[in-house]
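The values are calculated or read from the model by the stated rules, or taken from the named source; none is laboratory data. Small disclaimer: the values here were computed from a predicted structure and weren't measured. A quick note on method: Cβ atoms are made from the backbone with ideal geometry, for glycine too, and the neighbour counts reach across all protein chains shown. The protein model used for the area step is the full one, side chains on, heavy atoms only, and it has no ligands, DNA or RNA in it. Shrake-Rupley method; radii C 1.70, N 1.55, O 1.52, S 1.80 Å.
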Amino acid sequence: MKPMNVFVLSFGVALAAPLAAMAGGDHGHAGHGKPAATAATSAAADMVDGEVRKVDKAAAKVTLKHGEIKSLEMPGMTMVFQVKDPAMLDAVKAGDKVRFKAEKAGSSFVVTELAPAN
Ligand SMILES: [Cu+2]
């Protein structure tokens, strides 16, 4: 019976390891979005990937599904942004993949740069 006990023991260890790794990875979510972007030193480091959901040029607003925005300490989500200049919205439409830069202005967020992703 001894060999069986050894087998059960090592199986238990092998199973526990990946579970521990998963739990740890979850906690790291907020801080470890895109290592490549962190390494970049240019202004492009602040650019965030997003996808246009809705354009409201009359109100100077755009709804973006965006990835993590480190500078605003915001996780990925879909939300409405003001745009600095409504003319910025001429270049994009719903469904477009974009890269943008946003900053906090009072209680709202303003997109200061917006460009098609490709
Ligand atoms: Cu957001």
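Looking at segment 96-117 only, could you name the residues that are farther than 15 Å from Val55 by Cβ and either free of Cβ contacts under 8 Å to residues at least 24 places away in the same chain or open to solvent by 60 Å² or more (accessible area, probe 1.4 Å) (or both)?
Of the residues in segment 96-117, the ones farther than 15 Å from Val55 by Cβ are 99, 101-110, 112-113, 117.
Within segment 96-117, Arg99, Glu103, Lys104, Ala105, Gly106, Ser107, Glu113 meet the criteria.
Checked against (1) open to solvent by less than 50 Å² (accessible area, probe 1.4 Å); (2) under 19 Å from Gly106 (Cβ atoms); (3) within 14 Å of the ligand (Cβ to nearest atom); (4) in contact with a Lys or Arg (Cβ under 8 Å, 6 or more places away or on another chain), Val83 passes all but a single condition, namely (3). Can you find even one residue in segment 26-33 that is in a loop (DSSP other than H, G, I, E, B) and modelled with pLDDT of 95 or more? The answer is no; no qualifying residue exists.
Looking only at segment 86-95, count how many residues are part of a helix (DSSP H, G or I) and exposed (fewer than 14 other Cβ atoms within 10 Å of the Cβ).
Looking only at segment 86-95, we keep the residues that are part of a helix (DSSP H, G or I), and these are 86-91.
Next, only the ones that are exposed (fewer than 14 other Cβ atoms within 10 Å of the Cβ) stay: 87, 90-91.
Within segment 86-95, residues that are part of a helix (DSSP H, G or I) and exposed (fewer than 14 other Cβ atoms within 10 Å of the Cβ) number 3.
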